[in-house]
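For reference, the structure is listed below as structure tokens.
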């Protein structure tokens, strides 16, 4: 793939958003989406490969994206993505963190974990960064997902300039030696920028990174009835006390977060018609006591789980 451009203005008005959804999912990350404006949808997506990096420039009115466990199972992707909101505003939620974006901000997010995003983007760059290449340069890159990098942050300005430069016709051959070096330099500069954020954030940032990794671990192991404070500590090579402290700083307990994640996933399965019975959905999400599950579900959502099953 060299360079591609997609415009919704070439599509019948009633079909535009469906077309947009298909195009973005094909070139970025499969996810659910919906328009958030009543006006005819007008979007443009320009796609370009530059060495090992793929850069998509998007322009679109306010709309919403959500990538959940269902998409992860069907479309496993293991890359990290960098969003540069050149002009517009947005909000991003992943791993228990919420990042609000304004013009000039950047944000790293993980295709291998669920997320939600609302974007009103007059101009946004979405750059796919191969995980193994970025982690080779900066091993802690995953700790910085869903954290806005403001325009005045160290390293941000040259990274903006390099993303702009990917539109240069000189990169028409995406796998030329020059394009490969440029893509590698882009990954290098992102790694440096993230490392500078780490230096500025200090120990608080490291603890937030641990919290995010543990939240992601919980999402991936909901079906394991043995998931506990101790297993979280062992999986992340820290003490149980460190785990408890990281969750306490976020106003949570570790097991409270586990229970909440299991209940939310169970409810999604019932509402989405992916459960054959209440017993199945309880056991599939790590609950070993059906009556306990039903009581906790009713307390959390104000209804018994079987009522959602019946209205599929």
Using the 10 angstrom Cβ neighbour count as an exposure proxy, how do 285, 70 rank, fewest first? 70, 285
Each label point is 7 Å from the Cα along the Cα-to-Cβ direction; what then is the distance between the points at residue 14 and residue 116, in nm? 3.1
Quick one: order 218, 29, 149 by neighbouring beta-carbon count within 10 Å, fewest to most. 29, 218, 149
Length gained if residue 26 through residue 42 is fully extended, taking 0.36 nm per residue and subtracting the Cα-Cα distance, is 3.9 nm
What is the fewest-to-most order of 33, 288, 54 by other Cβ atoms lying within 10 Å of their Cβ? 288, 33, 54
Once you put a point 7 Å from the Cα of residue 7 and another 7 Å from the Cα of residue 89, both along the Cβ direction, what distance in nm separates them? 2.9
Specify the inter-centroid distance of the range 39-100 and the range 148-174, based on alpha-carbon positions, in whole Å. 17
Suppose a student asked you for the relative contact order of the chain, using Cα pairs under 8 Å spaced at least 6 residues apart; what percent would you report? 14
For a label point 7 Å along the Cα-to-beta-carbon line of residue 136, residues of the range 153-189 with backbone N under 16 Å: 180-189
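Bear in mind that the values in this text are calculations on the coordinates, not laboratory data. This is a predicted model, so every value here is computed, not measured. In this analysis, Cβ positions are derived from the backbone assuming ideal geometry, glycine residues included, and neighbour counts consider all displayed protein chains.
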